[in-house]
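Worksheet: one structure, shown below.
The values are calculated or read from the model by the stated rules, or taken from the named source; none is laboratory data. In this text the structure is predicted, and so the values were computed from the model without any measurement. A quick note on method: Cβ atoms are made from the backbone with ideal geometry, for glycine too, and the neighbour counts reach across all protein chains shown. Just so you know, the surface numbers come from the protein's heavy atoms only, side chains and all, with ligands and any DNA or RNA stripped out. Shrake-Rupley method; radii C 1.70, N 1.55, O 1.52, S 1.80 Å.
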Amino acid sequence: MNRTEIIQIASEAAVKAAFEYQEKQNQKKSKSRHDKRLRNTKLLLKNYRLLKDHCENAVFDKKELIEISGVKIVDLLDSLDGYERSDYIESIKKSVSKTQVILAHIDAMMKIYRIYCEESDKPEDLRRYRIISSTYLENTKPDDICREEGIDQRTYYRDSRDGVEKLSSLIFGIDGLSDVSKRCQ
């Protein structure tokens, strides 16, 4: 074997190793993004009722800023460090607006998920929807859901996990998909 052949073999091995390394990094990045989306879906679902209450009870509506004059709330707003009063009020309005948009998106995706489950030939799909809805939107305890559905806790947790996977795909689109979600089909 001459020097040129050795360089050629070494170059090919280096290119192959670099390609394999890059592929593994891409897979890790994709899995990490999927895991993050899944965690975010669970976080949104767990806090769904709290966020709904936040929007329903917010003093500042996205359509109009209610003028509050002579109320101690103004003093509270003025006393906050690092914010001009108008900036803080704008921040509250944006927060409520963003939350309303996110909740509207979750509501729409839950409707799509319900329709998907109702049209499915698999009865477990509809059960998964009921579990997700009962657990997160109605705040029903797992034991009560298991009794109502006539399932054991392992089935509850499996269905919950699989339902959140599918819902995550709807909420986050392509970023919510993963090879893991294929097992749910």
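Would segment 141-150 turn up any residue that is surrounded by 13 or more Cβ atoms within 10 Å (Cβ to Cβ) and either within 14 Å of LYS166 (Cα to Cα) or in contact with a strand residue (DSSP E or B) (Cβ under 8 Å, 6 or more places away or on another chain) (or both)? No, every residue in segment 141-150 fails to be surrounded by 13 or more Cβ atoms within 10 Å (Cβ to Cβ) and either within 14 Å of LYS166 (Cα to Cα) or in contact with a strand residue (DSSP E or B) (Cβ under 8 Å, 6 or more places away or on another chain) (or both). In this structure, TYR83 qualifies as over 15 Å from ASP159 (Cβ atoms) and either at pLDDT 75 or above or surrounded by 11 or more Cβ atoms within 10 Å (Cβ to Cβ) (or both).
Considering each residue of segment 124-136 in turn, none proves to be modelled with pLDDT under 80 and closer than 21 Å to LYS46 by Cβ. Listed conditions (1) under 17 Å from the mean Cα position of the chain (by Cα); (2) at pLDDT 90 or above; (3) surrounded by fewer than 14 Cβ atoms within 10 Å (Cβ to Cβ) are all met by GLY173, apart from (2).
Can you find even one residue in segment 40-63 that is open to solvent by 100 Å² or more (accessible area, probe 1.4 Å), closer than 24 Å to LEU167 by Cα, of a type in the set (D, E, K, R) and modelled with pLDDT under 80? Taking every residue of segment 40-63 in turn, none turns out to be open to solvent by 100 Å² or more (accessible area, probe 1.4 Å), closer than 24 Å to LEU167 by Cα, of a type in the set (D, E, K, R) and modelled with pLDDT under 80.
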